[in-house]
Structure formats: structure tokens, C-alpha cells
């Protein structure tokens, strides 16, 4: 990995230590160029003509997402964000009263409130699979909880905080063995580790561009297994998703684009494609090694500070490092870091309420290094944290 070139593609690193990639990563130059070039073209010849001229490149984005996931292009829908992707999959399912949804303790708020709404609308039952001693979803408990009423297993692979990486592929094997649909939220995983939908065993997967993939905001995608497509009626359609073929009839598209609508941000889509191509060229395996090394270094440095608690879980923590400093509010830590030229974030209990309540967590600091960061940048955060703790 040519770190010098990568950092040259990321000019902002000369001005700040950016460790907030779980929120929104810094886009590399090729991504920014792809977006700007298309906006310039739209300004010159108009949006319709620009889309027509760049139609091949726009189509190639589906290929890029498919290569990222080891899927087929017809299994990919491009949407506005990961939440829309997840919702289009979830609300396409035909739930009935008494159907059960199995989920994890660290499930993300946006997903869980959808479960609650479906419980209110249809009378479904939400059952939370307990975690094992490491904090990961307990696979044996998952097996025990399965019965004929389980309609869906819906899990977040890498939760928004807590450093956890749930055993997504093992969950997929259980889901397949029992013939249960499996919806995987891969929002925080994609771009920091390899993702193969065949190995994961998921039927549906949602992802975003803005996080570890280093793409623009307002981009997301949905994978739906080809054999499942014909069984899903999207909760909302337009004449792109379902062409109006007769006065009294529409026909849903046969591919995953039945989950899209006609109007979209072509410049952002091209930026997403450029971001995925950039990551694939580097190699997701190499990216994962780099992320793991930097986050392990950060955890080790933070754990050595008295009065600082690292709150990460799991056997193989992700590149999201969560911690608190005794006597200092998480938001104040973020503010002090910004003053020192270090960008990090904070996460509120409402983001993962069940996990936060189980562990009695208040707001926590969230730092998320990526492959373009240096060891020195990680060490700067450790040194700042030590100074902040000593100042209390």
C-alpha cells in the first residue's frame, strides 16, 4: 500500500488528523473529481444530456458495487443512503401477526424503530438474541430461539459503536440451514473489510458510500439475492421501478432496480463508483490489515491511561474505537480534540439503546482510523487523551 500516494490523494490530512471515518470518511481526489466533472458537465449541457453522455459510466457503478460484494449487477439497487436501502428491503416483506424478528443487542436505532413500527402495524414480535461473554451475538442462543414463526433475522454486522464485529457469516449459515430470510446491515463494515454475500449467506444487504468506502454523502445501495427478487413487492414504486404497461396494470422490473426510482443524483453515483473502484484497487484485504493495525495501536495506547475506559467488544474488534474519559463529557472530548486538530466523534445511547442500557453507557467517544491514517496521528489522540485525563 503506497501510503504516500494515498495521502497525496487526501490533501486534508496535511491539516488535521482525521479519525472519524465511521461517520463520514475523507473522499480521495478521484472521487471528488468524478463528482465535480459530472456537475460541470450538467452545467454545460444540462442534466439529461449529461446523463446520456455518461450512461456507460453510470451503468458501470452497478458493476463496481457487484464486484465489491461478489454479487451480480442485477442484484444491486442504487439508492439515496443505507437507511433507504435497508427500509426498501424490510418493508417489502409480507409480515403477519405473530411473525418473529430476531435481532441483536447492538442493533442500530434506525432499524429497531422500524421493527417497532411493524410490531405496531402488524403485531410482529421482536426478539433480541443475547450476546455471549465476548459481546458478540450468541450463536447458540440464536439456534435455540428459532422456531416456525421466525420470519426474519436482521442484524448489524459492525454496530455504530462498541468496536464489535458480529459473526455475520456464521449467522448466515444458521439462517440458510433453517430457510429464514437474513437482512444484513453492512453500513459500517463495507470499506474496512472484505464483504462476500455468498460467504455471508445474507439474502439482503444494505450499505452506504460515505463511511469507510470514502464516497460522497447521499449514496447507498441494496443487494437482494436473485432468487428472492420475484417475491418482494417494494413498499413504494414509480414508473421506473414498475413500468406502466397498460391502463390497469404495471410490471415490476425483474432486477433489483425495482427498489429504485427514476430521479437520482448522477454526480454522487459516479462518486460512489469511483470510491468503490479506489478501494478495490487497493484491495480490501490490505485495507483490513491496515485498519486492524491502526485501531489495535489506538486501543492499546488508550487502555494504558488510568481513568480512561475502552468500551469495545468482540473477539476481533473493528476499526471503531469507543471510549470514555472519567470526569469529561464525550462531547467535550470531541471539542478539545478538534481544537488540537484531531477529528473524532461521539455516539449517544439512543443509537444502540439496548446495548447502552445493558452496559449502563452514557455518551461515548468514537474514534475510527482508516488506512490513510498514520501511526503518528493515532498516537496524537492517545497523547491528547492522556493530557485531558490529567487535567481533571
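Please treat every number below as a calculation from the coordinates, not as lab data. All values reported here derive from a predicted model rather than from experimental measurement. Every residue, glycine among them, receives a Cβ derived from its backbone with ideal geometry; neighbour counts consider all protein chains shown.
Which residues in segment 352-392 place their backbone N less than 20 Å from a point set 7 Å from the Cα of residue 332 along the Cα-to-Cβ direction?
361-367, 381-392
Once all Cα-Cα distances of segment 350-392 are split into 10 Å bins that start at 0, what whole-number percent is in each one?
22, 33, 36, 10
Mean residue ellipticity at 222 nm from the helices of the chain, using -39,500 (n - 2.57) per DSSP H segment of n ≥ 4 over the full residue count, to the nearest 500 deg cm²/dmol?
On the way: 15 runs with 165 residues, N = 392.
Helix-only estimate at 222 nm: -12500 deg cm²/dmol.
I'd like to compare 222-235, 361-374: which one has the highest average count of other Cβ atoms within 10 Å, and what's the full order after that?
Values: 222-235: 17.4, 361-374: 23.4.
Most protected by this proxy first, the peptides run 361-374, 222-235.
When 1/r is averaged over all different Cα pairs and the result inverted, which Kirkwood radius in Å belongs to segment 172-285?
Details: mean 1/r = 0.0634 Å⁻¹.
Result for segment 172-285, one decimal place: 15.8 Å.
Quickly rank 14-23, 40-49, 114-123 as a protection proxy: mean count of other C-beta atoms within 10 Å, highest first. All intermediate terms of the calculation are to be shown ahead of the outcome.
On the way: 14-23: 19.7, 40-49: 12.6, 114-123: 14.3.
Answer by packing, highest mean first, reads 14-23, 114-123, 40-49.
Report the calculated FRET efficiency for residue 315 and residue 374 (r = Cβ-Cβ distance, R0 = 25 Å), to the nearest 0.05.
0.40
Give me the one-decimal nm value for the distance between modelled label points at residue 117 and residue 250, 7 Å along each residue's Cα-to-Cβ direction.
1.8
What residues of segment 276-319 lie in the reach of a label at residue 133, counting those whose backbone N is under 20 Å from a point 7 Å from the Cα along Cα→Cβ?
311-317
Compute the separation of the alpha-carbon centres of segment 112-183 and segment 372-392 and state it in Å as a whole number.
That distance is 36 Å.
Taking only C-alpha pairs under 8 Å that are 6+ residues apart, what is the relative contact order of segment 272-368 in percent?
On the way: 100 pairs, mean separation 21.9, N = 97.
RCO, segment 272-368: 23 percent.
According to the Cα gyration tensor, what semi-axes, each the square root of 5 times an eigenvalue, does the equivalent ellipsoid of the chain have, listed from largest to smallest in whole Å?
Values: eigenvalues 235, 167, 57 Å².
They are 34, 29, 17 Å, listed largest first.
Could you grab the relative contact order for the chain? Cα pairs under 8 Å, six or more apart, rounded to a whole percent.
Working: 768 pairs, mean separation 92.1, N = 392.
Computed over the chain, the figure is 24 percent.
Mind ranking 96-103, 341-348, 162-169, 268-275 by how tightly packed they are, going by the mean number of other C-beta atoms within 10 angstrom, highest first? Could you put the intermediate results ahead of the total?
On the way: 96-103: 17.5, 341-348: 20.0, 162-169: 24.1, 268-275: 26.8.
Going by the mean number of other Cβ atoms within 10 Å, highest first, we get 268-275, 162-169, 341-348, 96-103.
Between residue 145 and residue 16, how many nm apart are label points set 7 Å from Cα along the C-beta direction?
Computed distance between label sites residue 145 and residue 16 equals 3.8 nm.
Work out, step by step, the length gained on full extension between residue 97 and residue 199: first 0.36 nm times the residue separation, then minus their alpha carbon distance; give nm to one decimal.
Working: separation 102, 0.36 × 102 = 36.72 nm, distance 3.19 nm.
Extra length from residue 97 to residue 199 when fully extended: 33.5 nm.
So if each residue of separation counts as 0.36 nm, and I subtract the Cα-Cα distance between residue 126 and residue 3, what length gain in nm does that give? Write out the running numbers ahead of the final one.
Details: separation 123, 0.36 × 123 = 44.28 nm, distance 4.54 nm.
Length gained between residue 126 and residue 3: 39.7 nm.
Per 5 Å bin, what is the whole-percent P(r) computed from every C-alpha pair distance within segment 258-361?
Percent of Cα pairs in each bin: 2, 9, 13, 17, 15, 14, 14, 9, 5, 2, 0, 0.
Out of 236, 88, 155, any idea which swings most in a Gaussian network model of the chain, alpha carbons joined below 10 Å?
So, out of 236, 88, 155, the one fluctuating most is 236.
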